[in-house]
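Worksheet: the structure to be examined is printed underneath.
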Ligand code: AOF
Ligand code: ZN
């Protein structure tokens, strides 16, 4: 196995932790000796062993003089687990290939430096694009201390989101609903505003996808408008977190009573609580605020083959451009995925 093949293998291993490691990154590690694989591992869950430790366990004595291929810079800090660089030094590996440095301020190059100081050869940048792509959300979260936000909207072909203000128009059908439930399952939390809960009384659970993961439901309700009888407060199908400035006594709902109900403050609090990925299912007003304040990293638009006419509402205006990253047909709708430029 050559260097590139070994790193590709490590990248594939990293992906085995998909949707399980948040708020930690996906990391894979392969150890070879005389071009033979002697160890491999992945980070599978936040708080549990790092990829390098799992790979070293398999390699045992064969790690001595070996090449190590790791998709993210080995850590040099003591977090919930010990520093991987010390384990690699102790195992007396010869050469560490790092696909990309860890932007975590606690590490940020110090892992690579420590290995070099210990006399280990370090090469950085093999398969770097692939390594960055699998941890896009982690990189954003760890640098900005904010969740990576995906905003979802359904629109008509004339770009409208609602036939009339104050009511909800069902724009897309069952197939899109299934896709949305899957999207819910791969995020740490879903966020909605009080208007959405008051008008739709949604469950916001994942019921239609094959995964049984339920994200935390986050409700932003500064003025305490949402009735206590709302499904999200009562159905016990998933956790609900409420952000409000008014004290409320809702059993089973984690209530954050905060004076500053600005979006930035709420997003910062969510990040501090370990929410790395946030799926925003907002109505028009909330979507506009997210866009205007530039908290959206990814936007998913479902276009339904309908015309809602000139009286209908359209989305916010925004000078920034998005980049189309994917297009797909889902049932009768077209799904467009975009990231911020
Ligand atoms: C590695 N290998 O497999 C992972 C790393 O709380 P801890 O101890 O798990 O540390 C979490 C931080 O460690 C995380 O934010 C990221 O910077 C790094 N993750 N590092 O050497 C791994 N998962
Ligand atoms: Zn580590």
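The values are calculated or read from the model by the stated rules, or taken from the named source; none is laboratory data. Quick caveat: nothing in here was measured; it's all calculated off a predicted structure. Cβ: placed from backbone, ideal geometry, glycine included. Neighbour counts: every protein chain shown.
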Region 198-220, subset within 17 Å of residue 236 (Cβ to Cβ) and touching a strand residue (DSSP E or B) at 6+ places or on another chain (Cβ under 6 Å), residue surrounded by the fewest Cβ atoms within 10 Å (Cβ to Cβ) | 216
Tally the residues that are part of a loop (DSSP other than H, G, I, E, B) and without any contact (Cβ under 8 Å) to a residue 24 or more places away in the chain, restricting the search to region 213-236.
-> 3
For region 248-341, which fully contained strands (runs of 3 or more DSSP E) count at least 2 residues that are touching a helix residue (DSSP H, G or I) at 6+ places or on another chain (Cβ under 8 Å)?
-> 253-257, 277-280, 298-304, 333-340
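Residue by residue, here is whether (1) within 11 Å of ligand 1 (Cβ to nearest atom); (2) in contact with a helix residue (DSSP H, G or I) (Cβ under 6 Å, 6 or more places away or on another chain) holds:
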residue: 3; (1), (2): no, no
residue: 24; (1), (2): yes, no
residue: 31; (1), (2): no, yes
residue: 38; (1), (2): no, yes
crowded, with 18+ Cβ neighbours inside 10 Å, within 13 Å of ligand 1 (Cβ to nearest atom), at negative phi and modelled with pLDDT of 95 or more: does that describe residue 54?
-> yes
How many residues are over 22 Å from residue 119 (Cα atoms) and near ligand 2 (Cβ under 10 Å from one of its atoms) when one looks only at region 52-79?
-> 1
Would you call residue 85 under 19 Å from residue 54 (Cβ atoms), within 14 Å of ligand 1 (Cβ to nearest atom) and touching a residue at least 60 places away in the same chain (Cβ under 8 Å)?
-> no
Those residues of region 266-293 which are touching a strand residue (DSSP E or B) at 6+ places or on another chain (Cβ under 9 Å) and without any contact (Cβ under 8 Å) to a residue 40 or more places away in the chain, in sequence order = 269, 273, 289
Residues of region 242-300 satisfying the condition of being on the phi > 0 side of the Ramachandran plot and either at pLDDT 95 or above or within 16 Å of the chain's Cα centre (by Cα) (or both) = 274
Per the filter on region 57-80, residues under 22 Å from residue 104 (Cα atoms) and surrounded by 18 or more Cβ atoms within 10 Å (Cβ to Cβ) are 68, 69, 70, 71, 72, 73, 74, 75, 76
Listed by range, strands (runs of 3 or more DSSP E) wholly within region 119-211 having at least 2 residues that are within 23 Å of residue 314 (Cβ to Cβ) and more than 13 Å from the chain's Cα centre (by Cα) are 148-156, 160-162, 189-193
Unmet requirement for residue 100, which otherwise passes all of (1) away from ligand 2 (no atom under 14 Å from the Cβ); (2) surrounded by fewer than 19 Cβ atoms within 10 Å (Cβ to Cβ); (3) at pLDDT 95 or above; (4) in a loop (DSSP other than H, G, I, E, B) = (2)
Do you know which residues across region 11-45 are in contact (Cβ under 8 Å) with a residue 40 or more places away in the chain and within 14 Å of ligand 2 (Cβ to nearest atom)?
-> 14, 24, 25, 26, 27, 28, 29
Looking at (1) modelled with pLDDT of 95 or more; (2) out of contact with any strand residue (DSSP E or B) (no Cβ under 6 Å at 6 or more places or on another chain); (3) more than 15 Å from ligand 1 (Cβ to nearest atom); (4) over 29 Å from residue 184 (Cα atoms), which is the one condition that is false for residue 126?
-> (2)
